[in-house]
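Chemist: Below you will find the structure I want to go over with you.
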Amino acid sequence: MKTTIDDCKIIELPKISARQGNITFVENFNHVPFSIERVYYIYDVPGGEERGAHAHIALRQILISAMGAFDVILDDGKGKKTFRMDRAYYGLMVQQMIWREIVNFSSGGICLVLASLPYNEHDYIRDYSQFIALKNK
Ligand code: T46
């Protein structure tokens, strides 16, 4: 898959502000370009710990900082880009065949993920050299 880091972009989600607080919502094919088949969230990450370090063959995802902040490093085998996620109304679209690392979680940070497919371990590439070999195919 010839996806590049330039295909991975910040999507600005709706944000309705009121004196009582804000609300953000997400609808299939409206705010996100796929049908959401799974939602998961990463939380209680101890200081200094990192998540990710893999790519997906078919899965597309949107990463949102529901609370706090973290950095997402995206790598397409040719270049890297780092996104600081610190707004609950920004989603980072991560395409297929992009290596991702999630680092620098703030205390209490929550990474909310909207995924285009159910969980499938066979969709993961967890070996970086295998990822590069597939990218160059
Ligand atoms: C990703 C980053 C951002 C499940 O059983 N079901 C699930 O839906 C998920 C996401 C995980 N798991 C199991 C699989 C492993 O035994 O939870 C364990 C930890 O998963 P993993 O090491 O893949 O966690 P992260 O944080 O490194 O990666 C996760 C997602 O797996 C991945 O798709 O892009 O968050």
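The values are calculated or read from the model by the stated rules, or taken from the named source; none is laboratory data. None of these values were measured; they are calculated from a predicted model. Glycine also receives a Cβ, built like all others from the backbone with ideal geometry; neighbour counts cover every protein chain displayed.
Chemist: Looking at region 3-24, which of its residues are free of Cβ contacts under 8 Å to residues at least 40 places away in the same chain and charged (D, E, K, R)?
Modeler: Answer for region 3-24, where residues must be free of Cβ contacts under 8 Å to residues at least 40 places away in the same chain and charged (D, E, K, R): Asp6, Arg19.
Chemist: For region 5-14, indicate whether the set of residues that are of a type in the set (A, V, I, L, M), more than 17 Å from Cys111 (Cα to Cα), surrounded by 15 or more Cβ atoms within 10 Å (Cβ to Cβ) and in contact with a strand residue (DSSP E or B) (Cβ under 6 Å, 6 or more places away or on another chain) is non-empty.
Modeler: Checked against the condition, which is being of a type in the set (A, V, I, L, M), more than 17 Å from Cys111 (Cα to Cα), surrounded by 15 or more Cβ atoms within 10 Å (Cβ to Cβ) and in contact with a strand residue (DSSP E or B) (Cβ under 6 Å, 6 or more places away or on another chain), region 5-14 yields at least one hit.
Chemist: Evaluate the following for Asp71: is it of a type outside the set (Gly, Ala, Ser) and either within 11 Å of the ligand (Cβ to nearest atom) or surrounded by 14 or more Cβ atoms within 10 Å (Cβ to Cβ) (or both)?
Modeler: Against the criterion (of a type outside the set (Gly, Ala, Ser) and either within 11 Å of the ligand (Cβ to nearest atom) or surrounded by 14 or more Cβ atoms within 10 Å (Cβ to Cβ) (or both)), Asp71 qualifies.
Chemist: Right, here's the next one. Pairs please, first residue from region 49-61 and farther than 16 Å from Leu114 by Cα, second anywhere and modelled with pLDDT under 95 and surrounded by 14 or more Cβ atoms within 10 Å (Cβ to Cβ), Cβ atoms under 9 Å, 6+ apart in sequence or on different chains.
Modeler: Ile57/Met1
Chemist: Okay, moving on. Pairs only if they're at least six apart or on different chains, beta carbon under 6 angstrom, first in region 86-100 and over 17 Å from Ala115 (Cβ atoms), second assigned to a loop (DSSP other than H, G, I, E, B); list them, first residue then second.
Modeler: Going by the 6 Å Cβ cut-off, the qualifying pairs are Asp86/Ala69; Ala88/Thr24; Tyr89/Leu13; Tyr89/Lys15; Tyr89/Thr24.
Chemist: Right, next: Could you check how many residues of region 62-85 are free of Cβ contacts under 8 Å to residues at least 60 places away in the same chain and basic (Lys, Arg)?
Modeler: 1
Chemist: Given the structure, is Ile102 within 20 Å of Asp127 (Cα to Cα) and surrounded by 15 or more Cβ atoms within 10 Å (Cβ to Cβ)?
Modeler: Considered against the rule, which asks whether it is within 20 Å of Asp127 (Cα to Cα) and surrounded by 15 or more Cβ atoms within 10 Å (Cβ to Cβ), Ile102 comes out as yes.
Chemist: As an exercise: evaluate Met93 against (1) surrounded by 14 or more Cβ atoms within 10 Å (Cβ to Cβ); (2) of a type outside the set (Asp, Glu); (3) touching a His at 6+ places or on another chain (Cβ under 9 Å) and give the number of the one condition it does not meet.
Modeler: (3)
Chemist: Limited to region 45-68, what total is found for residues that are away from the ligand (no atom under 12 Å from the Cβ), more than 18 Å from Val26 (Cβ to Cβ) and either hydrophobic (A, V, I, L, M, F, W, C) or loosely packed, with under 14 Cβ neighbours inside 10 Å (or both)?
Modeler: 3
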